[in-house]
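*Asks:* Take a look at the following structure, please.
The values are calculated or read from the model by the stated rules, or taken from the named source; none is laboratory data. Fair warning: this is a prediction, and the values are worked out from it, not measured in the lab. Virtual Cβ from ideal backbone geometry, glycine too; neighbours counted across all protein chains shown.
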């Protein structure tokens, strides 16, 4: 044993000396390992970027999946706007006096024909009606918000909004740890990963899909709607006054229409979700699924939720007399 | 013996493998090669990456200091710009210029109508119509003369309303706008630290929104002066039947642009109230939507001319993706 | 024997160790940390010095400055002439002659027919009134079409004079100053986003190009349309007096008047923006220096300490001088292209040693109003089309 070890040691020492002397003869640059290291660094950076982009792009996706019903049914609380609404109501009431004086002046001095005088008298009665409506503005708003919420709730009751969440999850997310895994094909994460590894700029175009699907889903139909309904809640008394006062009727009409459209956007959102879920359930998951791309039907369905509310606003115009 | 042979074979194989590995790293011996490899790893790639990060930090710092911090100062000016209308004396100078021009037309119109009503007209109906037009002209002349005062009154009302809304806490809404920008900036610097070109689009979006806010706020200052100067012309045109619509349009634009700061102040107040009461939604989206809401509030509420929405569209087109492709191509070509 | 073996082993070990140590020292000597092979300093040199200063500065910024000084600011230098310009009326004359050649015999015949009807055929007062109405319209049409070149000339002169008078409300120099500052402000923004990375400057550069070219495009559009409408103007008059085709004639005349008086509206819009710029005071008005050395060379200063700061300030001064020499806006130049180019900030190197670095800068209100000034020229036609429509009876 000792003899073997001794022999071994001798061989090892000789081998090392031979190694040292032989390798001396070689001149050369850095070998493939250093190139490998720099390539590993390159791919690692790209992959970190993919992970980061996906993390940023998918912010709130789990909230959208779990709480879609609550997000759609969310309405601003009227009690938060008590101060501002009261101030606007007081301001509007102050305008009634000059409005009545102006109408009186118009009736007595400006109008020259019986038709115009009748018109001025009609304006008087409209002012009184608007006075009543302005006083009841908070109650009216409460009623409108309640109707909208209940309608939306009854629509959502017939479908499971979590299905939409699952569809969105399927379109966007890959549940494997590595997004570039070919088994992830058919998700936006896979698409983004592949695009980013090709070129970072091309990766941004796939990142745009995250922005439109998820960011858009939060910003346009939910958050922006919340803000806009809030501002129209505050302006509701003024809208009523402007609508009933003949000279400012066009502006008042625009404001009232916008108030109604944005409050009932909730119903449209619920209808959209229902329509998307029903149309998705009608077809099989492989219908309109071209290769490594996400299921286009599901993708467009999710896209609709972000974009359609903006078109609906432009569609409904001039419906008030 | 067999074991020794196997062991020897293993040792020889191991030595050959070691030779191959070391040959592929460097030529300066085993230890030298290992040290060189470690040196390359430690001082090559890692330090290279550190210097790249340093360059990216400089890039982020320059972009922030030269652009974002500079443009974000508009938020500090928002309370003053919304609470104060432009100096009325300067607008009056422009108004008087138009009043001097238009008063001649009033004189000509009244004299012409008078001649037509009392001398030239052949039917009762036309005479009655001419008389009505004369009385309308006289009434509009009175409004025409006091139009500088009317404008001043509108300015005072707008200022009082805006200041009142700020007293309710609208200034806190500016913090929500700033947070929106900070959210986008966060995304920009995180992306840039990893990939040099990764955060460019976020930066482009943020700078577009900032330039949008700056432009729209200052455009409002200019528009109120423009339509303020045109108010006498609007009153005159409103009094003549064929040009009534144009006159009405000009007067309405004057009133709308005067009250846009009130709408913005209200929007800021709403942001202050709503941003803290909205639930379930991640704050990132709340803050980002706040910027869009602030920009779009006047269009929404006042319907301030379709061309303002055209401006928004223009900015969106400018920062559209195809342009960045061109930029990449140029950059790659010139590298 | 054992002792000999041990000694041999020890000797062999020592020899091997010496050889290996020699190799180690040799490797450390050869593998100099600053050797180019390691490429450690390359990113530093490339990203912080070479690309921003040498490549981007000389490849992008200097040509951009040259271009902006010349063609880029041509609208700014000539805006009042360009806005006040109207196409020559002589263009329309051959078309009017042609139209008159066709209409003259036709109208003569029509007048004769109507006169014949009035004198011999008409039986009812209604018919006679209608015939009289047609007759005066025929005469009016003939007169107006014959006089249409003069009419166009008068309308153009009124519009030009009105535009000139509108410019006097704030003075052409103030407007020029604002437009100039807007461009150079956007240039400053572009340069500072361009220095770290070219792609960051996408928006400022695009806006810069839009501001240089879009006003010309708008005004060229106006002139082309006006030329076409000038040719159609006599036809518009003709159609206006023919009841079934009145709407077409009305549209032609309205468009002609709108596009003619667009120059007044543009002038008024520029006056309004300039007035707004002159009277609006910002509470916080930050400056953007066109040569912010702290941003660019802070890393050198940070790494190099006081010596680095000195080197950075010398480089800043040098580059300012070089660009001043090449482009004429630096401290060597008499021409102050950028606003407030005569300030200098003393940079303290060490105690008691200061180098005054001259800077040019823009500020937020200048940049903002400059952008608005360029924008209003481009959006004026849209406003005119939306507000001024269907105003003729």
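*Asks:* From the list C:109, C:113, C:99, C:104, which residue is in contact with a helix residue (DSSP H, G or I) (Cβ under 6 Å, 6 or more places away or on another chain) and either crowded, with 17+ Cβ neighbours inside 10 Å or part of a helix (DSSP H, G or I) (or both)?
*Replies:* On the way: C:109 fails: in contact with a helix residue (DSSP H, G or I) (Cβ under 6 Å, 6 or more places away or on another chain); C:113 fails: in contact with a helix residue (DSSP H, G or I) (Cβ under 6 Å, 6 or more places away or on another chain); C:104 fails: in contact with a helix residue (DSSP H, G or I) (Cβ under 6 Å, 6 or more places away or on another chain).
Being in contact with a helix residue (DSSP H, G or I) (Cβ under 6 Å, 6 or more places away or on another chain) and either crowded, with 17+ Cβ neighbours inside 10 Å or part of a helix (DSSP H, G or I) (or both) holds for just one of C:109, C:113, C:99, C:104, which is C:99.
*Asks:* Okay, next question. Among the residues that make up the range C:208-224, is at least one of them at the interface with chain B (Cβ under 10 Å from one of its Cβ atoms), under 19 Å from residue C:63 (Cβ atoms), surrounded by fewer than 24 Cβ atoms within 10 Å (Cβ to Cβ) and modelled with pLDDT under 90?
*Replies:* No, the range C:208-224 contains no residue that is at the interface with chain B (Cβ under 10 Å from one of its Cβ atoms), under 19 Å from residue C:63 (Cβ atoms), surrounded by fewer than 24 Cβ atoms within 10 Å (Cβ to Cβ) and modelled with pLDDT under 90.
*Asks:* So which helices (runs of 4 or more DSSP H) are wholly in the range B:41-141 and hold at least 3 residues that are in contact (Cβ under 8 Å) with a residue 40 or more places away in the chain, within 9 Å of chain C (Cβ to nearest Cβ) and more than 30 Å from residue B:227 (Cβ to Cβ)? Walk me through how you get there before you give the answer.
*Replies:* On the way: elements: B:47-63, B:69-72, B:74-83, B:88-115.
Counting at least 3 such residues, we get B:47-63.
*Asks:* Return yes when residue B:213 is closer than 30 Å to residue B:109 by Cα and surrounded by fewer than 24 Cβ atoms within 10 Å (Cβ to Cβ) and no when it is not. If you could, list the steps in order and put the result at the bottom.
*Replies:* On the way: closer than 30 Å to residue B:109 by Cα: no; surrounded by fewer than 24 Cβ atoms within 10 Å (Cβ to Cβ): yes.
Criteria not met by residue B:213.
*Asks:* Within the range A:134-145, is there a residue that is loosely packed, with under 14 Cβ neighbours inside 10 Å and under 30 Å from residue B:137 (Cα atoms)?
*Replies:* Within the range A:134-145, none of the residues are loosely packed, with under 14 Cβ neighbours inside 10 Å and under 30 Å from residue B:137 (Cα atoms).
*Asks:* The conditions are (1) loosely packed, with under 12 Cβ neighbours inside 10 Å; (2) not in a helix (DSSP H, G or I), and residue C:150 fails exactly one of them. Which is it?
*Replies:* Answer for residue C:150: the failing condition is (2).
*Asks:* State all residues of the range C:65-94 that are part of a helix (DSSP H, G or I) and over 15 Å from residue C:180 (Cα atoms); if no residue qualifies, say none. Working first, answer last.
*Replies:* Kept after step one, since they are part of a helix (DSSP H, G or I), are these residues of the range C:65-94: C:65-69, C:71-84, C:89-91, C:93-94.
Scanning the range C:65-94 gives C:81, C:82, C:83, C:84, C:89, C:90, C:91, C:93, C:94.
*Asks:* Please state which one of C:237, C:203 is buried (at least 17 other Cβ atoms within 10 Å of the Cβ) and either touching a residue at least 60 places away in the same chain (Cβ under 8 Å) or more than 27 Å from residue C:371 (Cα to Cα) (or both).
*Replies:* Values: C:203 fails: either touching a residue at least 60 places away in the same chain (Cβ under 8 Å) or more than 27 Å from residue C:371 (Cα to Cα) (or both).
Within the list C:237, C:203, the selection yields C:237.
*Asks:* Please specify each residue of the range B:142-153 satisfying the condition of being closer than 18 Å to residue B:227 by Cα and either modelled with pLDDT under 80 or within 14 Å of another protein chain (Cβ to nearest Cβ) (or both).
*Replies:* Within the range B:142-153, the first condition is being closer than 18 Å to residue B:227 by Cα, and the residues that meet it are B:143-153.
Within the range B:142-153, B:143, B:150, B:151, B:153 meet the criteria.
Here is a yes/no grid of residues against (1) closer than 23 Å to residue A:69 by Cβ; (2) not in a helix (DSSP H, G or I):
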{"site": "A:179", "(1), (2)": "no, yes"}
{"site": "A:183", "(1), (2)": "no, no"}
{"site": "A:189", "(1), (2)": "no, no"}
{"site": "A:194", "(1), (2)": "no, no"}
{"site": "A:197", "(1), (2)": "no, no"}
{"site": "A:204", "(1), (2)": "no, no"}
{"site": "A:211", "(1), (2)": "no, no"}
{"site": "A:214", "(1), (2)": "yes, no"}
{"site": "A:221", "(1), (2)": "yes, no"}
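*Asks:* A further question on this structure: Out of all the residues in the range B:213-265, which are in a loop (DSSP other than H, G, I, E, B) and within 8 Å of another protein chain (Cβ to nearest Cβ)? Write out each step before concluding.
*Replies:* We begin by selecting, within the range B:213-265, every residue in a loop (DSSP other than H, G, I, E, B); these are B:230, B:240-243.
If the condition is that a residue be in a loop (DSSP other than H, G, I, E, B) and within 8 Å of another protein chain (Cβ to nearest Cβ), then B:230, B:241, B:242, B:243 are the ones that fit.
*Asks:* Okay, next question. Quick test of your reading of the structure: residue B:73 fulfils all but one of (1) exposed (fewer than 15 other Cβ atoms within 10 Å of the Cβ); (2) within 21 Å of the chain's Cα centre (by Cα). Name the failing condition by number.
*Replies:* (1)
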